[in-house]
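Asker: Below is one structure. I have some questions about it.
The values are calculated or read from the model by the stated rules, or taken from the named source; none is laboratory data. Keep in mind it's a predicted model, so treat the numbers as computed, not measured. Positions of Cβ are generated from backbone atoms using ideal geometry, with glycine treated the same way; all protein chains shown enter the neighbour counts. With ligands, DNA and RNA removed, areas are computed over all heavy atoms of the protein, side chains included. Shrake-Rupley method; radii C 1.70, N 1.55, O 1.52, S 1.80 Å.
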Amino acid sequence: MAQEIIHLAERVLQVPPSPTLAVNAKAKALKAAGEDILNFSVGEPDFDTPEHVREAGKKAIDDGHTRYTAVPGIPELREAVCMRFKEDHDWDYHPDQIQVCCGGKQGLYNIFQAMLNPGDEVLIPAPYWVSYPPIVQLAGGVPVEVPLDEAMNFDLNPNTLAAKVTSKTKAIFLNSPSNPAGSIFSATALEAVAKMALERGWLVVTDDIYETITYLDGKLPHILDVEPRLKTQTVVLNGVSKSFAMTGWRIGYCAGPAHLIKAMNKIQSQSTSNPCTPAQYAALAALIGPQDFPGIMKQAFLPRRDFFVQDLESIEGVSCVNPSGAFYVFPNFSAYYGKSFKGKVIKDSVAMADYFLDEAKVASVPGAAFGADAFVRFSFATSMEVIQEGMTRIKQALAALAG
Ligand code: PMP
Ligand code: GLU
C-alpha cells in the first residue's frame, strides 16, 4: 500500500466512525447487491415526514427562503421552540436561550466544544448512544462511563454514579427514553443526579430526542421538573428527527443558559453558519402544527415492540428489558457467547452481530458500540412482517450454534 503523506490528527484517530451509520451503510450495500437483508440497524422512523411539513419545506424554497439565516436559526423557529417547551412542559425559555442546529447531533457537538477544557470529564450512563463518547473526545474531554444494570431496567444507581465522580467531572448526559435500550430514568434517580449536579456545578445535558415516543401510562419524569433550580446549568436537547420523521432534514435544537448558547452560536457561526434554511421552515410547520404525529407512529410501534420483546424473551438464555420508549429492543445474548458456528467462536457482541448478518441476513448493531457488550440492538422502526421474519431467522441462527 502506498505510504500516506498526510498524517491525521490525534483526536480523530481516537474515535471510530458512527457504528450505527456504518452498519446501515453495509446493510444497504448488501441489499443493493441483491442479498436478502433484513435491516434492523439504523434508528429512524419508517414513516414519511407528514405532508403539511413537506409542503412547508417546498413552499419555503418557492418563497425564496434559500439564503443564509441568523446563526442560531430563524426567529420564528426559535419562538416556536419556546412555545413548545411552554405548552409541553410549562418551561419558560427566551429565544436567546435557543439554538437551532443541524440535527440534534450537531447540538451536542456545539455544547461540548463550547464548555470543555482538555481533560474535563463527562459522565455517560452506559449503555449510551454511540456518539456521546466521541463528541466528548473531539472536544478534548474524557468520557467516563457509569454502568447501568439490566436487572434495574437500566435505571441510574446513585451509588454507581457517585463512585465515578472526580474533581474533573464537569457534565453529565441524561437520555430518557434512551437509545439503545428505550429505558427511562426514575424520578428518584433524577433527584439524586440533581442533588449532585447542584452541589458540584455540573452541566446537565438532557437528550430528550425520544420524549414524544413513550409507552408509559403516566408522565415521563424529567430532571427540570424534579429540580427546577437546575435550569441555569442544564441544556435540553431535542429536535424533529424522531418526533416528525425528519431525520434527513437535519434540524435539532438546544435550550440552555444564554451565555452557553451564545458560545455555541460562535462555534456554529464558524462551522456550519446556520441549519439548512428550507428545513428550518419545515421544522417550524412541524412545531406549530398538529401534534398528533408522534402518537400515530407510537400506535404502529407498540404491537411491534410487544411482539419483539415477547419473542426474544421466549428464547432460552435471552433476556430483554421491555422498552418504555423509543423504537429499539436491546436483548442480552451473552449466554450464547463462547458458542461456535462451523468452528468459529462467537466471543462477543461484534461477533454475534456479524454472525446474524452473515448467516441470518439480519443487520443489527453490536452492544459494544453502546458500551454494553452483552447486548445487540435492533430497531423496530420497520414492518411487523420484517420483524416476524427476522425473529424466525434469529432463532434459527441461535439454534445452529454449538457448544
Ligand atoms: N440523540 C440520540 C439519543 C439519538 O438516537 C439521535 C439519533 N441520531 C440523536 C441524538 C441525534 O439525532 P439527529 O442528529 O438525527 O437529530
Ligand atoms: N440515532 C440513530 C441510531 O442510533 C441514527 C444514526 C446515528 O446518528 O447514530 O441509529
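Asker: Out of the stretch 311-378, which GluC sites (Glu not before Pro) are coil in DSSP terms and have no more than 13 other C-beta atoms within 10 Å?
Answerer: Glu316
Asker: Please list 260-270, 37-47, 212-222 highest first by mean number of surrounding beta-carbon atoms within 10 Å per residue.
Answerer: Numbers: 260-270: 18.6, 37-47: 21.5, 212-222: 15.1.
Ranked from most to least packed, the peptides come out as 37-47, 260-270, 212-222.
Asker: For the chain, return all DSSP H helices satisfying: extent of Cα atoms along own axis at least 15 Å; mean Kyte-Doolittle hydropathy at least 1.0. Present the calculation step by step, with values, prior to reporting the outcome.
Answerer: Details: long enough: 19-32 (19 Å, 0.24); 51-62 (16 Å, -1.17); 75-89 (21 Å, -0.98); 103-115 (19 Å, -0.16); 187-200 (19 Å, 0.47); 258-269 (16 Å, -0.04); 277-288 (17 Å, 1.17); 293-313 (30 Å, -0.13); 384-399 (22 Å, 0.06).
Membrane-span-like by this criterion, though nothing is claimed about a membrane: 277-288.
Asker: So, one more: Ignoring ligands, DNA and RNA, please state the percent of accessible area on the stretch 182-282 from carbon and sulfur, probe 1.4 Å.
Answerer: 54 percent
Asker: Could you tell me which trypsin sites (Lys or Arg not before Pro) in the stretch 275-367 are loop residues by DSSP with no more than 14 other beta carbons within 10 angstrom of their beta carbon?
Answerer: In loop regions of the stretch 275-367 (DSSP not H, G, I, E or B), the sparsely surrounded trypsin sites (Lys or Arg not before Pro) are Lys342, Lys347.
Asker: Just the number, please: percent antiparallel of the DSSP beta bridges in the chain, rounded to the nearest 5.
Answerer: 45 percent
Asker: Specify, per residue and in Å³, the volume enclosed by the convex hull of the alpha carbon atoms belonging to the stretch 1-85.
Answerer: 280 Å³
Asker: Express in nm, to one decimal, how much length is gained between Lys164 and Glu55 on full extension, taking 0.36 nm for each residue of separation and deducting their alpha carbon distance.
Answerer: Net length gain for the segment: 34.4 nm.
Asker: Once the dipole of the chain is set up with Lys and Arg at +1 and Asp and Glu at -1 on Cβ about the Cα centre, which of Val386, Trp129, Val81 lies farthest towards its positive end?
Answerer: Trp129
Asker: On to the next question. With the other protein chains left in place, how much accessible area per residue, in square angstrom, belongs to the stretch 1-159 at a 1.4 angstrom probe?
Answerer: It amounts to 53 Å² per residue over the stretch 1-159.
Asker: Length gain on complete extension for the stretch Gln14 to Met384, per 0.36 nm per residue less the alpha carbon to alpha carbon distance?
Answerer: Value of the extension gain: 129.3 nm.
Asker: Just tell me which aspartates and glutamates come within less than 17 Å, Cα to Cα, of Lys170; anything on the same chain fewer than 8 places away is out.
Answerer: Cross-link targets: Asp120, Glu121, Glu145, Glu199, Asp207.
Asker: Report the local net charge at Pro127: Lys and Arg +1, Asp and Glu -1, summed over other residues whose C-beta lies under 13 Å from its C-beta. Mind dumping the intermediate values first?
Answerer: Values: positive: Arg377; negative: Glu145, Asp149, Glu150, Asp155, Asp373.
With Lys, Arg at +1 and Asp, Glu at -1, the neighbours total -4.
Asker: Taking the full set of protein chains and a 1.4 angstrom probe, give the accessible area of Tyr336 in square angstrom, rounded to the nearest 10.
Answerer: 20 Å²
Asker: While we're here: Past 27 Å, Cα to Cα: identify those pairs from Lys58/Lys266; Lys26/Lys164; Lys59/Lys266; Lys26/Lys242; Lys231/Lys262; Lys164/Lys231, in the order given.
Answerer: The answer is Lys58/Lys266; Lys26/Lys164; Lys59/Lys266.
Asker: I've got another one for you. Which value in deg cm²/dmol, rounded to the nearest 500, describes the helix-derived mean residue ellipticity at 222 nm for the chain, given -39,500 (n - 2.57) per DSSP H run of n ≥ 4 and division by the residue count? Each step should come with its number before you reach the end.
Answerer: Details: 14 runs with 157 residues, N = 403.
The helix-only estimate for the chain comes to -12000 deg cm²/dmol at 222 nm.
Asker: For Asp208, Asp92, Asp62, write out the residues from largest to smallest accessible area, computed with a 1.4 angstrom probe and no ligands counted.
Answerer: Listed by decreasing accessible area, they come as Asp62, Asp92, Asp208.
Asker: Here's something else I'd like to know. Summing Lys, Arg as +1 and Asp, Glu as -1, what charge do residues with Cβ under 13 Å from the Cβ of Ala194 carry, Ala194 excluded?
Answerer: 0
Asker: Also, I was wondering about something else. Suppose R0 equals 22 Å. What FRET efficiency, 1/(1 + (r/R0)^6) with r the Cβ-Cβ distance, do Glu76 and Asp96 give to the nearest 0.05?
Answerer: Approximately 0.90, to the nearest 0.05.
Asker: Compare Thr392, Thr232, Thr49, Thr160 by solvent-accessible area with a 1.4 Å probe and give them largest first, with all protein chains kept in place.
Answerer: Values: Thr392 70, Thr232 105, Thr49 15, Thr160 40 Å².
Order by accessible area, largest first: Thr232, Thr392, Thr160, Thr49.
Asker: Let me ask something else about it. Looking at the stretch 53-117, what % of the alpha carbon pairs are farther apart than 17 Å? Each step should come with its number before you reach the end.
Answerer: Values: 1167 of 2080 pairs.
More than 17 Å apart: 56 percent of the Cα pairs in the stretch 53-117.
Asker: Calculate what fraction, in whole %, of the accessible area of the stretch 1-159 sits on carbon and sulfur atoms when a 1.4 Å probe is rolled over the protein chains.
Answerer: On the way: 4490 of 8380 Å².
For the stretch 1-159, the apolar C and S fraction of the accessible surface comes to 54 percent.
Asker: Using just the alpha carbons, could you tell me how many Å³ per residue the convex hull of the stretch 1-150 encloses?
Answerer: 258 Å³
Asker: What number comes out for the charge environment of Gly107, summing +1 per Lys or Arg and -1 per Asp or Glu over other residues with Cβ under 12 Å away? All intermediate terms of the calculation are to be shown ahead of the outcome.
Answerer: Working: positive: Lys105, Arg250; negative: Asp207, Asp208.
Taking every Cβ under 12 Å from that of Gly107, the sum is 0.
Asker: Determine Rg/Rh for the chain; Rg is computed over alpha-carbon atoms and Rh is the Kirkwood hydrodynamic estimate from the same atoms.
Answerer: Checking Rg against Rh, the ratio lands at 0.96.
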